[in-house]
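Asks: Pasting a structure below so you can have a look.
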Amino acid sequence: MASGELAAQGFIEKADERLLVQAAQKDPAKFAELYELNFDRVYAFAVRRLHSRDKAEDLTAEVFRKALANLQTYKWRDVPFAAWLFRIASNLIADQAKRFSREKNLVANSPAESPTEPSTIEAVESHARLFRLVQQLPNDQRRVIEMRFADEKSIREIASELGRTEGAVKQLQFRGLQNLRAGLSQKDGQ
């Protein structure tokens, strides 16, 4: 295809997408077409950032739920609809990171810092490093940390689900947090 044909095709796709958005704003049942067109993109975006298929599936579902709920406020700005979906996904990921950080501070019995929006590259990299460190924890510690902070389960719920005592879960959580602190301070010391 010549570049002129590609440009014309891109214009047609934008016009079609705009019409799909307008139709979905009038009739929410038409949102299914936007969902089908963008599901793979949003899911891939989530998997790359969360490194977990289960979490990516949950996040993708939440993105489309929020998009449908707020579709009436969406304004077409001549950019792909997926850009709006990616922004929703990014905000949800940032919210999860803030919740994890806030919980970590509470569990460590340190004064809770006020959670801040990751506004700098360093803050985003710090969050990404924390998620990588969690993935590197021994399996039992990782499961307890994820269940406690990402899934927001109580010690009792985790103990019941894992078939362990509450004391054992607390010990795994303590060791997991120690390993995360050590990993974070080791990277910061370099």
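No value in this document is a laboratory result; all are computed from the given coordinates. Because the structure is predicted, anything quoted here is derived from the model rather than measured. Positions of Cβ are generated from backbone atoms using ideal geometry, with glycine treated the same way; all protein chains shown enter the neighbour counts.
Asks: What number goes with the only condition from (1) part of a loop (DSSP other than H, G, I, E, B); (2) surrounded by 14 or more Cβ atoms within 10 Å (Cβ to Cβ) that ASP140 does not pass?
Replies: Looking at each condition in turn, ASP140 falls short on (1).
Asks: Cβ contacts < 7 Å: first residue polar (S, T, N, Q), restricted to the stretch 139-153; second residue surrounded by 19 or more Cβ atoms within 10 Å (Cβ to Cβ), any location; separation 6+ or different chain. Result?
Replies: Within 7 Å, the pairs are GLN141/LEU172; GLN141/GLY176.
Asks: Another question about this same structure. So for the stretch 171-185 (the condition being touching an Asp or Glu at 6+ places or on another chain (Cβ under 7 Å) and not polar (S, T, N, Q)), does at least one residue qualify?
Replies: Checked the stretch 171-185: at least one residue is touching an Asp or Glu at 6+ places or on another chain (Cβ under 7 Å) and not polar (S, T, N, Q).
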